[in-house]
Amino acid sequence: MLPPTTAPQHGHRHGPSSIMVFKRRARRMRLGLRCYRVGPTWLWKALLVFVAIAFAGQLLGVIYNKSLQQDRLRWLFSSDDQGPSLGSCRPRSHVMFLKTHKTASSTVLNILYRYGEENDLLFALPLGYQFDYPLPFNAHRVKGYRGPRVAEFSIMGNHMRFNKPEVGKVMPADTFYFSILRDPVALTESSYAYYKSVAPAFRKAKDLGDFADNPWKYYNPRLHNNHYARNLLWFDFGLDHNANFSIALAQRGEVAIRRAFKLILVSEHFDESMVLLRHALCWPLDAVVSFSLNARQQKSSGSSSWVDKAAAAQPPAKTLTDNQRQKLREWNALDWHLYQAFNRYFWDEVDRFGRARMDQEVVLLRTRRELLAKACLREGGKPVEASRIRDKNIRPFQSGLVKILGYELQPGLDNATRQACLRMIRPEIQYKDLLDARQFPRAAPQPAQAPPPAIPAGGAYVRKSPSSQLRTGELGVEGGGRIGEEERDWDGSRLSRSNNNNQTLARDRGGKRNIR
(Lines give C-alpha, C1' and ligand atoms only; values in the text may rest on other atoms or scores of the structure.)
Protein backbone atom coordinates (compact mmCIF):
# COMPACT_ATOMS: atom_id res chain seq x y z
CA MET A 1 0.00 0.00 0.00
CA LEU A 2 1.44 3.28 -1.13
CA PRO A 3 1.95 6.24 1.12
CA PRO A 4 -0.61 9.05 0.87
CA THR A 5 1.83 11.44 -0.82
CA THR A 6 2.39 9.26 -3.90
CA ALA A 7 -0.45 10.67 -5.98
CA PRO A 8 0.45 14.33 -5.48
CA GLN A 9 4.06 13.60 -6.32
CA HIS A 10 2.93 11.95 -9.60
CA GLY A 11 0.82 14.98 -10.51
CA HIS A 12 3.65 17.40 -9.67
CA ARG A 13 6.03 15.46 -11.90
CA HIS A 14 3.71 15.74 -15.04
CA GLY A 15 2.46 19.37 -14.49
CA PRO A 16 5.37 21.33 -16.12
CA SER A 17 5.27 19.15 -19.25
CA SER A 18 1.60 19.92 -19.84
CA ILE A 19 2.22 23.59 -19.37
CA MET A 20 5.01 23.53 -21.97
CA VAL A 21 2.74 21.79 -24.47
CA PHE A 22 0.09 24.39 -23.87
CA LYS A 23 2.58 27.23 -24.39
CA ARG A 24 3.89 25.69 -27.61
CA ARG A 25 0.35 25.37 -28.95
CA ALA A 26 -0.45 28.94 -27.97
CA ARG A 27 2.69 30.18 -29.69
CA ARG A 28 1.76 28.27 -32.83
CA MET A 29 -1.71 29.79 -32.79
CA ARG A 30 -0.26 33.29 -32.44
CA LEU A 31 2.12 32.62 -35.32
CA GLY A 32 -0.76 31.25 -37.36
CA LEU A 33 -2.88 34.28 -36.64
CA ARG A 34 0.04 36.51 -37.52
CA CYS A 35 0.50 34.67 -40.82
CA TYR A 36 -3.23 34.89 -41.42
CA ARG A 37 -3.09 38.69 -41.11
CA VAL A 38 0.10 39.21 -43.16
CA GLY A 39 -0.87 36.99 -46.08
CA PRO A 40 -4.02 38.88 -47.29
CA THR A 41 -2.34 42.32 -46.89
CA TRP A 42 0.46 41.29 -49.18
CA LEU A 43 -1.97 39.90 -51.69
CA TRP A 44 -4.07 43.06 -51.66
CA LYS A 45 -0.99 45.23 -52.10
CA ALA A 46 0.14 43.12 -55.03
CA LEU A 47 -3.31 43.25 -56.55
CA LEU A 48 -3.48 47.05 -56.20
CA VAL A 49 -0.06 47.43 -57.81
CA PHE A 50 -1.16 45.19 -60.69
CA VAL A 51 -4.38 47.17 -61.19
CA ALA A 52 -2.49 50.48 -61.14
CA ILE A 53 -0.01 49.21 -63.73
CA ALA A 54 -2.81 47.92 -65.94
CA PHE A 55 -4.76 51.20 -65.68
CA ALA A 56 -1.66 53.24 -66.47
CA GLY A 57 -0.91 51.03 -69.44
CA GLN A 58 -4.45 51.37 -70.73
CA LEU A 59 -4.37 55.14 -70.26
CA LEU A 60 -1.06 55.40 -72.04
CA GLY A 61 -2.43 53.21 -74.81
CA VAL A 62 -5.49 55.45 -75.25
CA ILE A 63 -3.29 58.55 -75.30
CA TYR A 64 -0.92 56.92 -77.77
CA ASN A 65 -3.73 55.72 -80.03
CA LYS A 66 -5.37 59.15 -79.97
CA SER A 67 -2.04 60.81 -80.73
CA LEU A 68 -1.44 58.30 -83.51
CA GLN A 69 -4.91 58.95 -84.92
CA GLN A 70 -4.40 62.71 -84.82
CA ASP A 71 -0.99 62.34 -86.46
CA ARG A 72 -2.62 60.21 -89.15
CA LEU A 73 -5.33 62.85 -89.70
CA ARG A 74 -2.76 65.63 -89.87
CA TRP A 75 -0.82 63.54 -92.38
CA LEU A 76 -4.03 63.02 -94.35
CA PHE A 77 -4.48 66.77 -94.84
CA SER A 78 -0.78 67.51 -95.34
CA SER A 79 -0.13 64.55 -97.61
CA ASP A 80 1.95 65.15 -100.68
CA ASP A 81 -0.23 62.68 -102.55
CA GLN A 82 -2.06 65.32 -104.55
CA GLY A 83 -2.48 63.42 -107.76
CA PRO A 84 -0.41 63.36 -110.93
CA SER A 85 2.01 66.20 -111.47
CA LEU A 86 0.59 69.35 -113.02
CA GLY A 87 3.90 70.13 -114.68
CA SER A 88 5.38 73.60 -114.64
CA CYS A 89 2.08 75.52 -114.58
CA ARG A 90 1.53 78.26 -112.01
CA PRO A 91 -1.62 78.27 -109.85
CA ARG A 92 -4.20 80.81 -110.94
CA SER A 93 -5.27 83.27 -108.27
CA HIS A 94 -7.67 85.44 -110.30
CA VAL A 95 -10.89 83.47 -110.73
CA MET A 96 -14.46 84.44 -111.56
CA PHE A 97 -17.20 81.82 -111.20
CA LEU A 98 -20.70 82.53 -112.49
CA LYS A 99 -22.79 80.78 -109.87
CA THR A 100 -25.79 79.49 -111.78
CA HIS A 101 -28.86 78.21 -109.91
CA LYS A 102 -29.53 74.57 -108.97
CA THR A 103 -26.39 73.22 -110.67
CA ALA A 104 -24.18 72.12 -107.71
CA SER A 105 -22.80 75.66 -107.74
CA SER A 106 -22.84 75.95 -103.93
CA THR A 107 -20.33 73.12 -103.78
CA VAL A 108 -18.13 74.84 -106.37
CA LEU A 109 -18.31 78.11 -104.42
CA ASN A 110 -17.16 76.28 -101.29
CA ILE A 111 -14.09 75.16 -103.23
CA LEU A 112 -13.30 78.77 -104.14
CA TYR A 113 -13.95 79.99 -100.60
CA ARG A 114 -11.59 77.38 -99.16
CA TYR A 115 -8.79 78.04 -101.62
CA GLY A 116 -9.04 81.78 -101.20
CA GLU A 117 -9.11 81.58 -97.41
CA GLU A 118 -6.17 79.17 -97.23
CA ASN A 119 -4.11 81.36 -99.58
CA ASP A 120 -5.15 84.70 -98.07
CA LEU A 121 -6.71 85.99 -101.31
CA LEU A 122 -9.01 89.01 -101.60
CA PHE A 123 -12.65 88.20 -102.35
CA ALA A 124 -15.05 90.37 -104.32
CA LEU A 125 -18.00 90.00 -101.93
CA PRO A 126 -21.53 91.34 -102.26
CA LEU A 127 -22.97 93.82 -99.78
CA GLY A 128 -25.52 91.16 -98.85
CA TYR A 129 -25.34 87.56 -100.01
CA GLN A 130 -25.95 88.12 -103.72
CA PHE A 131 -24.94 90.89 -106.10
CA ASP A 132 -28.44 92.40 -106.14
CA TYR A 133 -29.75 89.44 -108.11
CA PRO A 134 -31.89 89.36 -110.25
CA LEU A 135 -30.69 92.78 -111.42
CA PRO A 136 -27.76 92.81 -113.86
CA PHE A 137 -24.45 92.94 -112.02
CA ASN A 138 -23.03 96.37 -111.25
CA ALA A 139 -19.47 96.90 -109.97
CA HIS A 140 -20.66 99.21 -107.19
CA ARG A 141 -22.41 96.28 -105.54
CA VAL A 142 -19.00 94.82 -104.57
CA LYS A 143 -18.10 95.59 -100.98
CA GLY A 144 -14.98 97.74 -100.84
CA TYR A 145 -15.01 98.57 -104.55
CA ARG A 146 -13.71 102.10 -105.17
CA GLY A 147 -13.18 102.06 -108.90
CA PRO A 148 -11.30 100.08 -111.58
CA ARG A 149 -7.83 98.91 -110.53
CA VAL A 150 -8.03 100.55 -107.09
CA ALA A 151 -7.98 97.13 -105.38
CA GLU A 152 -6.99 93.83 -106.95
CA PHE A 153 -9.70 91.32 -106.18
CA SER A 154 -8.80 87.66 -106.66
CA ILE A 155 -12.00 85.61 -106.42
CA MET A 156 -15.63 86.37 -107.31
CA GLY A 157 -18.36 83.76 -107.15
CA ASN A 158 -21.61 84.78 -105.46
CA HIS A 159 -24.94 84.77 -107.28
CA MET A 160 -25.32 87.45 -109.93
CA ARG A 161 -26.91 88.08 -113.26
CA PHE A 162 -23.83 88.20 -115.45
CA ASN A 163 -22.76 91.50 -116.95
CA LYS A 164 -19.26 91.17 -118.43
CA PRO A 165 -18.41 94.89 -118.82
CA GLU A 166 -19.19 95.54 -115.15
CA VAL A 167 -17.42 92.39 -113.93
CA GLY A 168 -14.39 93.50 -115.92
CA LYS A 169 -14.21 96.68 -113.84
CA VAL A 170 -13.73 94.59 -110.70
CA MET A 171 -11.62 91.61 -111.78
CA PRO A 172 -8.10 91.74 -113.28
CA ALA A 173 -7.57 91.28 -117.00
CA ASP A 174 -6.03 87.82 -116.59
CA THR A 175 -9.03 86.45 -114.66
CA PHE A 176 -10.11 82.88 -115.42
CA TYR A 177 -13.89 82.79 -116.05
CA PHE A 178 -15.87 79.58 -115.67
CA SER A 179 -19.40 78.40 -114.92
CA ILE A 180 -21.54 75.26 -114.72
CA LEU A 181 -24.68 73.99 -116.49
CA ARG A 182 -27.28 71.32 -115.86
CA ASP A 183 -29.93 69.47 -117.84
CA PRO A 184 -32.86 71.95 -117.94
CA VAL A 185 -35.44 69.29 -117.04
CA ALA A 186 -33.59 68.27 -113.88
CA LEU A 187 -32.88 71.93 -113.16
CA THR A 188 -36.59 72.78 -113.47
CA GLU A 189 -37.50 69.95 -111.10
CA SER A 190 -35.05 71.35 -108.54
CA SER A 191 -36.10 74.93 -109.17
CA TYR A 192 -39.77 74.02 -108.70
CA ALA A 193 -39.01 72.42 -105.32
CA TYR A 194 -36.82 75.29 -104.16
CA TYR A 195 -38.76 78.28 -105.52
CA LYS A 196 -42.32 76.96 -105.31
CA SER A 197 -43.31 79.69 -102.84
CA VAL A 198 -41.26 82.39 -104.59
CA ALA A 199 -42.06 82.13 -108.30
CA PRO A 200 -45.72 82.99 -109.05
CA ALA A 201 -45.82 80.58 -111.98
CA PHE A 202 -44.81 77.67 -109.75
CA ARG A 203 -46.98 78.79 -106.87
CA LYS A 204 -50.13 78.72 -108.98
CA ALA A 205 -49.50 75.27 -110.48
CA LYS A 206 -50.81 72.16 -108.73
CA ASP A 207 -47.56 70.32 -109.37
CA LEU A 208 -44.71 70.34 -111.87
CA GLY A 209 -46.54 68.05 -114.27
CA ASP A 210 -49.46 70.45 -114.27
CA PHE A 211 -47.09 73.32 -115.04
CA ALA A 212 -45.33 71.35 -117.80
CA ASP A 213 -48.63 70.58 -119.55
CA ASN A 214 -49.47 74.26 -120.01
CA PRO A 215 -46.79 76.72 -118.79
CA TRP A 216 -48.48 79.79 -120.30
CA LYS A 217 -51.52 79.11 -118.14
CA TYR A 218 -49.44 80.04 -115.08
CA TYR A 219 -46.54 82.08 -116.43
CA ASN A 220 -46.61 85.85 -116.64
CA PRO A 221 -43.30 87.30 -117.91
CA ARG A 222 -43.92 90.59 -116.11
CA LEU A 223 -44.11 89.11 -112.60
CA HIS A 224 -41.11 89.31 -110.30
CA ASN A 225 -39.27 86.00 -109.67
CA ASN A 226 -40.88 84.23 -112.62
CA HIS A 227 -37.43 84.05 -114.20
CA TYR A 228 -36.95 80.96 -111.99
CA ALA A 229 -39.60 79.23 -114.09
CA ARG A 230 -38.15 79.66 -117.59
CA ASN A 231 -34.67 79.49 -119.16
CA LEU A 232 -33.00 80.14 -115.82
CA LEU A 233 -29.50 79.44 -117.15
CA TRP A 234 -29.95 81.84 -120.06
CA PHE A 235 -31.16 84.46 -117.58
CA ASP A 236 -28.18 83.96 -115.21
CA PHE A 237 -25.81 84.51 -118.15
CA GLY A 238 -27.41 87.93 -118.56
CA LEU A 239 -29.51 87.13 -121.63
CA ASP A 240 -33.21 87.66 -122.35
CA HIS A 241 -34.84 84.46 -121.11
CA ASN A 242 -38.24 85.40 -122.57
CA ALA A 243 -36.96 85.81 -126.13
CA ASN A 244 -38.63 83.78 -128.85
CA PHE A 245 -36.42 80.83 -129.65
CA SER A 246 -34.57 80.69 -132.93
CA ILE A 247 -31.46 78.78 -133.94
CA ALA A 248 -29.72 82.03 -134.85
CA LEU A 249 -30.44 83.59 -131.44
CA ALA A 250 -29.41 80.46 -129.56
CA GLN A 251 -26.14 80.25 -131.49
CA ARG A 252 -25.34 83.91 -130.82
CA GLY A 253 -25.81 83.32 -127.12
CA GLU A 254 -23.63 80.23 -127.29
CA VAL A 255 -20.84 82.15 -129.05
CA ALA A 256 -21.04 85.01 -126.55
CA ILE A 257 -20.72 82.61 -123.63
CA ARG A 258 -17.79 80.78 -125.21
CA ARG A 259 -16.08 84.10 -125.77
CA ALA A 260 -16.54 85.18 -122.14
CA PHE A 261 -15.82 81.88 -120.33
CA LYS A 262 -12.76 79.67 -120.53
CA LEU A 263 -14.49 76.58 -119.15
CA ILE A 264 -18.10 75.45 -118.75
CA LEU A 265 -18.61 72.52 -116.40
CA VAL A 266 -21.48 70.01 -116.47
CA SER A 267 -23.07 69.12 -113.16
CA GLU A 268 -24.14 65.63 -114.27
CA HIS A 269 -20.41 64.90 -114.67
CA PHE A 270 -19.25 66.72 -111.57
CA ASP A 271 -16.14 64.68 -110.83
CA GLU A 272 -14.87 64.91 -114.39
CA SER A 273 -15.61 68.64 -114.19
CA MET A 274 -13.47 68.96 -111.07
CA VAL A 275 -10.56 67.21 -112.75
CA LEU A 276 -10.72 69.62 -115.70
CA LEU A 277 -11.05 72.59 -113.34
CA ARG A 278 -8.08 71.45 -111.25
CA HIS A 279 -5.85 71.28 -114.30
CA ALA A 280 -7.16 74.55 -115.72
CA LEU A 281 -6.42 76.36 -112.44
CA CYS A 282 -3.25 74.38 -111.62
CA TRP A 283 -4.53 73.69 -108.10
CA PRO A 284 -3.71 70.68 -105.86
CA LEU A 285 -6.09 67.75 -105.71
CA ASP A 286 -7.45 68.56 -102.24
CA ALA A 287 -8.47 72.01 -103.47
CA VAL A 288 -11.19 70.44 -105.64
CA VAL A 289 -12.18 67.57 -103.34
CA SER A 290 -15.55 68.43 -101.84
CA PHE A 291 -18.63 67.16 -100.05
CA SER A 292 -22.01 67.82 -101.60
CA LEU A 293 -23.47 70.97 -100.07
CA ASN A 294 -27.03 72.29 -100.13
CA ALA A 295 -28.26 68.69 -100.40
CA ARG A 296 -31.98 68.03 -100.12
CA GLN A 297 -33.61 65.27 -98.14
CA GLN A 298 -34.59 62.69 -100.71
CA LYS A 299 -38.20 61.57 -100.75
CA SER A 300 -37.34 58.26 -102.32
CA SER A 301 -34.33 56.23 -103.34
CA GLY A 302 -35.07 56.71 -106.99
CA SER A 303 -31.74 58.40 -107.64
CA SER A 304 -28.47 58.40 -105.76
CA SER A 305 -26.16 60.20 -108.15
CA TRP A 306 -23.77 62.70 -106.62
CA VAL A 307 -25.14 65.67 -108.53
CA ASP A 308 -28.72 65.01 -107.42
CA LYS A 309 -27.55 65.57 -103.86
CA ALA A 310 -25.12 68.36 -104.59
CA ALA A 311 -27.55 70.37 -106.66
CA ALA A 312 -30.29 70.01 -104.06
CA ALA A 313 -32.61 68.33 -106.51
CA GLN A 314 -35.53 66.13 -105.73
CA PRO A 315 -35.51 62.67 -107.32
CA PRO A 316 -37.03 62.71 -110.80
CA ALA A 317 -40.74 63.25 -110.28
CA LYS A 318 -42.64 60.07 -111.07
CA THR A 319 -45.64 62.13 -112.16
CA LEU A 320 -43.65 63.56 -115.08
CA THR A 321 -44.31 61.63 -118.25
CA ASP A 322 -41.88 61.51 -121.16
CA ASN A 323 -44.20 63.90 -122.95
CA GLN A 324 -44.11 66.36 -120.05
CA ARG A 325 -40.32 66.18 -119.92
CA GLN A 326 -40.18 66.96 -123.61
CA LYS A 327 -42.53 69.90 -123.05
CA LEU A 328 -40.18 71.24 -120.37
CA ARG A 329 -37.29 71.06 -122.85
CA GLU A 330 -39.34 73.02 -125.36
CA TRP A 331 -40.38 75.53 -122.69
CA ASN A 332 -36.71 75.97 -121.78
CA ALA A 333 -35.51 75.76 -125.38
CA LEU A 334 -32.72 78.33 -124.96
CA ASP A 335 -31.35 76.50 -121.92
CA TRP A 336 -31.69 73.17 -123.73
CA HIS A 337 -29.62 74.51 -126.61
CA LEU A 338 -26.89 75.72 -124.24
CA TYR A 339 -26.82 72.42 -122.39
CA GLN A 340 -26.51 70.34 -125.54
CA ALA A 341 -23.84 72.58 -127.04
CA PHE A 342 -21.66 72.86 -123.94
CA ASN A 343 -22.09 69.19 -123.12
CA ARG A 344 -20.44 68.48 -126.49
CA TYR A 345 -17.67 70.99 -125.80
CA PHE A 346 -17.17 69.41 -122.38
CA TRP A 347 -16.53 65.95 -123.80
CA ASP A 348 -14.30 67.45 -126.46
CA GLU A 349 -12.20 68.78 -123.55
CA VAL A 350 -12.23 65.33 -121.93
CA ASP A 351 -11.04 63.76 -125.19
CA ARG A 352 -8.18 66.25 -125.37
CA PHE A 353 -7.35 65.47 -121.76
CA GLY A 354 -7.49 61.72 -122.46
CA ARG A 355 -10.30 59.34 -121.48
CA ALA A 356 -8.02 56.82 -119.73
CA ARG A 357 -6.22 59.60 -117.89
CA MET A 358 -9.57 61.10 -116.88
CA ASP A 359 -10.80 57.76 -115.52
CA GLN A 360 -7.67 57.41 -113.38
CA GLU A 361 -7.96 60.90 -111.93
CA VAL A 362 -11.67 60.51 -111.21
CA VAL A 363 -10.91 57.36 -109.20
CA LEU A 364 -8.21 59.25 -107.31
CA LEU A 365 -10.60 62.13 -106.61
CA ARG A 366 -13.35 59.85 -105.32
CA THR A 367 -10.93 57.86 -103.17
CA ARG A 368 -9.65 61.06 -101.63
CA ARG A 369 -13.21 62.25 -100.94
CA GLU A 370 -14.06 58.98 -99.18
CA LEU A 371 -10.94 59.20 -97.00
CA LEU A 372 -11.69 62.76 -95.97
CA ALA A 373 -15.36 61.92 -95.32
CA LYS A 374 -14.39 59.11 -92.96
CA ALA A 375 -11.90 61.35 -91.18
CA CYS A 376 -14.16 64.40 -90.91
CA LEU A 377 -17.78 63.37 -90.78
CA ARG A 378 -20.13 61.47 -88.51
CA GLU A 379 -22.92 59.20 -89.77
CA GLY A 380 -20.49 57.61 -92.21
CA GLY A 381 -20.23 60.86 -94.13
CA LYS A 382 -23.96 61.02 -94.89
CA PRO A 383 -25.80 64.36 -94.74
CA VAL A 384 -28.17 64.80 -91.80
CA GLU A 385 -31.16 67.01 -91.06
CA ALA A 386 -30.30 70.50 -89.90
CA SER A 387 -32.17 69.95 -86.62
CA ARG A 388 -29.74 67.16 -85.73
CA ILE A 389 -26.67 69.37 -86.18
CA ARG A 390 -25.65 70.51 -82.71
CA ASP A 391 -23.41 73.35 -83.89
CA LYS A 392 -25.84 76.07 -84.98
CA ASN A 393 -23.06 77.81 -86.90
CA ILE A 394 -22.99 75.05 -89.53
CA ARG A 395 -26.72 74.45 -89.93
CA PRO A 396 -27.73 75.10 -93.55
CA PHE A 397 -30.33 77.71 -94.47
CA GLN A 398 -33.77 76.18 -95.06
CA SER A 399 -35.90 77.06 -98.08
CA GLY A 400 -38.38 75.36 -100.34
CA LEU A 401 -40.48 72.22 -100.07
CA VAL A 402 -37.84 69.76 -98.85
CA LYS A 403 -35.44 69.96 -95.94
CA ILE A 404 -31.87 70.95 -96.76
CA LEU A 405 -29.28 68.73 -95.13
CA GLY A 406 -25.89 69.41 -93.60
CA TYR A 407 -23.09 67.56 -91.81
CA GLU A 408 -21.82 66.81 -88.32
CA LEU A 409 -18.09 66.68 -87.62
CA GLN A 410 -16.41 63.74 -85.96
CA PRO A 411 -15.80 64.36 -82.24
CA GLY A 412 -12.28 64.50 -80.83
CA LEU A 413 -10.57 66.09 -83.83
CA ASP A 414 -7.49 68.16 -83.10
CA ASN A 415 -7.87 71.85 -83.84
CA ALA A 416 -5.99 71.88 -87.15
CA THR A 417 -7.92 68.90 -88.52
CA ARG A 418 -11.23 70.28 -87.26
CA GLN A 419 -10.64 73.58 -89.03
CA ALA A 420 -9.74 71.81 -92.28
CA CYS A 421 -12.87 69.65 -92.07
CA LEU A 422 -15.04 72.59 -91.06
CA ARG A 423 -14.07 74.51 -94.21
CA MET A 424 -15.40 71.66 -96.31
CA ILE A 425 -18.87 71.61 -94.73
CA ARG A 426 -19.44 75.25 -93.77
CA PRO A 427 -22.67 76.44 -95.47
CA GLU A 428 -22.49 79.23 -98.02
CA ILE A 429 -24.14 81.96 -95.94
CA GLN A 430 -22.02 81.33 -92.85
CA TYR A 431 -18.85 81.08 -94.93
CA LYS A 432 -19.58 84.39 -96.63
CA ASP A 433 -20.14 86.01 -93.21
CA LEU A 434 -16.82 84.65 -91.98
CA LEU A 435 -14.86 85.90 -95.00
CA ASP A 436 -16.62 89.26 -94.80
CA ALA A 437 -15.67 89.65 -91.12
CA ARG A 438 -12.04 88.78 -91.82
CA GLN A 439 -11.78 91.00 -94.86
CA PHE A 440 -13.54 93.93 -93.18
CA PRO A 441 -12.76 93.34 -89.48
CA ARG A 442 -13.93 96.72 -88.17
CA ALA A 443 -15.88 98.07 -91.10
CA ALA A 444 -17.87 101.12 -90.14
CA PRO A 445 -21.21 101.65 -91.88
CA GLN A 446 -20.36 102.71 -95.40
CA PRO A 447 -21.45 106.19 -96.46
CA ALA A 448 -24.08 106.32 -99.14
CA GLN A 449 -22.37 106.09 -102.51
CA ALA A 450 -23.26 108.08 -105.52
CA PRO A 451 -25.72 106.19 -107.70
CA PRO A 452 -23.94 103.91 -110.16
CA PRO A 453 -24.20 104.62 -113.86
CA ALA A 454 -27.67 103.97 -115.11
CA ILE A 455 -28.24 100.39 -116.19
CA PRO A 456 -31.38 98.75 -117.45
CA ALA A 457 -32.71 97.59 -114.10
CA GLY A 458 -36.14 97.15 -112.64
CA GLY A 459 -37.90 96.98 -115.99
CA ALA A 460 -40.61 94.52 -116.85
CA TYR A 461 -39.89 91.12 -118.31
CA VAL A 462 -41.24 91.74 -121.78
CA ARG A 463 -41.06 89.50 -124.80
CA LYS A 464 -38.94 91.23 -127.41
CA SER A 465 -38.82 90.96 -131.13
CA PRO A 466 -35.97 88.81 -132.47
CA SER A 467 -34.28 91.85 -133.96
CA SER A 468 -33.77 93.42 -130.53
CA GLN A 469 -32.30 90.35 -128.84
CA LEU A 470 -28.69 90.10 -127.72
CA ARG A 471 -26.04 92.54 -128.72
CA THR A 472 -23.34 90.74 -130.61
CA GLY A 473 -20.46 89.63 -128.39
CA GLU A 474 -21.90 90.94 -125.11
CA LEU A 475 -23.49 89.32 -122.12
CA GLY A 476 -25.56 90.91 -119.40
CA VAL A 477 -27.22 93.72 -121.35
CA GLU A 478 -30.88 92.80 -120.94
CA GLY A 479 -33.33 94.30 -118.44
CA GLY A 480 -34.03 93.09 -114.93
CA GLY A 481 -37.34 92.30 -113.29
CA ARG A 482 -40.04 94.32 -111.60
CA ILE A 483 -39.88 94.43 -107.84
CA GLY A 484 -42.82 95.01 -105.53
CA GLU A 485 -42.78 97.53 -102.73
CA GLU A 486 -41.46 94.89 -100.37
CA GLU A 487 -40.02 91.53 -101.38
CA ARG A 488 -37.84 89.02 -99.60
CA ASP A 489 -34.66 87.65 -101.08
CA TRP A 490 -33.68 83.96 -100.85
CA ASP A 491 -31.63 84.62 -97.69
CA GLY A 492 -34.55 86.25 -95.89
CA SER A 493 -33.44 89.88 -96.28
CA ARG A 494 -36.00 92.45 -97.42
CA LEU A 495 -35.73 94.07 -100.81
CA SER A 496 -37.42 97.37 -101.45
CA ARG A 497 -37.50 99.72 -104.39
CA SER A 498 -35.58 102.93 -103.93
CA ASN A 499 -37.09 106.20 -105.05
CA ASN A 500 -34.31 107.31 -107.35
CA ASN A 501 -34.73 107.35 -111.09
CA ASN A 502 -32.41 104.41 -111.61
CA GLN A 503 -34.87 102.18 -109.73
CA THR A 504 -32.09 100.19 -108.07
CA LEU A 505 -32.77 97.86 -105.18
CA ALA A 506 -31.88 98.81 -101.63
CA ARG A 507 -31.29 96.09 -99.08
CA ASP A 508 -32.98 96.84 -95.77
CA ARG A 509 -30.39 96.46 -93.01
CA GLY A 510 -33.06 95.51 -90.54
CA GLY A 511 -34.12 92.65 -92.74
CA LYS A 512 -30.74 90.94 -92.85
CA ARG A 513 -31.14 87.40 -91.63
CA ASN A 514 -29.39 86.72 -88.34
CA ILE A 515 -27.40 83.56 -88.96
CA ARG A 516 -26.28 83.05 -85.41
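Candidates are the residues of region 115-156 that are within 19 Å of the chain's Cα centre (by Cα) and assigned to a helix (DSSP H, G or I); the one that is farthest from His101 (Cα to Cα) is Glu118. The single condition among (1) at pLDDT 95 or above; (2) within 30 Å of Val185 (Cα to Cα) that Arg92 does not satisfy is (2). If Pro84 satisfies every condition in (1) surrounded by fewer than 19 Cβ atoms within 10 Å (Cβ to Cβ); (2) assigned to a helix (DSSP H, G or I); (3) within 26 Å of the chain's Cα centre (by Cα) but one, which is the exception? Here Pro84 clears every test but (2). In the condition set (1) within 17 Å of Lys432 (Cβ to Cβ); (2) surrounded by fewer than 23 Cβ atoms within 10 Å (Cβ to Cβ), Val142 is compliant with all but (2).
Listed by position, the helices (runs of 4 or more DSSP H) inside region 191-304 whose residues that are closer than 26 Å to Trp331 by Cα and open to solvent by 10 Å² or more (accessible area, probe 1.4 Å) number at least 2 are 200-204, 208-213, 247-260.
On the stretch given as region 252-266, residues that are closer than 21 Å to His227 by Cα and touching a helix residue (DSSP H, G or I) at 6+ places or on another chain (Cβ under 8 Å) total 3.
Whether any residue in region 322-342 is within 18 Å of Ser105 (Cβ to Cβ), modelled with pLDDT of 95 or more and either out of contact with any Leu (no Cβ under 6 Å at 6 or more places or on another chain) or among the aliphatic types (A, V, I, L, M) (or both) is what I want to check. Give the derivation first.
Initially, region 322-342 is screened for residues within 18 Å of Ser105 (Cβ to Cβ), giving 332, 335, 338-339, 342.
Then keep just the ones that are modelled with pLDDT of 95 or more; that gives 332, 335, 338-339, 342.
Of the ones still in play, those that are also either out of contact with any Leu (no Cβ under 6 Å at 6 or more places or on another chain) or among the aliphatic types (A, V, I, L, M) (or both) are 332, 338.
Yes: region 322-342 contains one or more residues that are within 18 Å of Ser105 (Cβ to Cβ), modelled with pLDDT of 95 or more and either out of contact with any Leu (no Cβ under 6 Å at 6 or more places or on another chain) or among the aliphatic types (A, V, I, L, M) (or both).
When you check Val185 against the structure, is it open to solvent by 10 Å² or more (accessible area, probe 1.4 Å) and in contact (Cβ under 8 Å) with a residue 60 or more places away in the chain, yes or no? No: the conditions fail for Val185.
Within region 341-384, the residues that satisfy the criterion of being of a type in the set (Val, Ile, Thr) and farther than 20 Å from Cys421 by Cβ are Val350, Val362, Val363.
Within region 320-346, restricting attention to residues that are charged (D, E, K, R) and touching a residue at least 60 places away in the same chain (Cβ under 8 Å), which residue is least open to solvent (accessible area, probe 1.4 Å)? Full working, then the answer.
Here is the first cut: in region 320-346, the residues charged (D, E, K, R) are 322, 325, 327, 329-330, 335, 344.
Next cut, touching a residue at least 60 places away in the same chain (Cβ under 8 Å) only: 325, 327, 329, 335.
Numbers: Arg325: 57, Lys327: 65, Arg329: 54, Asp335: 3 Å².
Per the criteria, the residue is Asp335.
Checked against the criterion of being open to solvent by 20 Å² or more (accessible area, probe 1.4 Å) and at pLDDT 95 or above, region 99-116 contains one or more residues that satisfy it. Scanning region 157-167 for residues that are among the hydrophobic types (A, V, I, L, M, F, W, C) and assigned to a loop (DSSP other than H, G, I, E, B) turns up Met160, Phe162.
Table: residues versus (1) touching a residue at least 24 places away in the same chain (Cβ under 8 Å); (2) under 20 Å from Phe440 (Cα atoms).
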| position | (1), (2) |
| --- | --- |
| Tyr115 | yes, yes |
| Leu121 | yes, yes |
| Gly128 | yes, yes |
| Asn138 | yes, no |
| Gly144 | yes, yes |
| Arg149 | no, yes |
| Glu152 | yes, yes |
| Met156 | yes, yes |
| Lys164 | yes, no |
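The values are calculated or read from the model by the stated rules, or taken from the named source; none is laboratory data. Because the structure is a prediction, the values reported are computed rather than measured. Ideal geometry is used to build each Cβ from the backbone, glycine not excepted, and the neighbour counts take in all protein chains shown. Ligands, DNA and RNA are stripped out before the accessible areas are found, and what is left, the full protein with its side chains, is counted by its heavy atoms. Shrake-Rupley method; radii C 1.70, N 1.55, O 1.52, S 1.80 Å.
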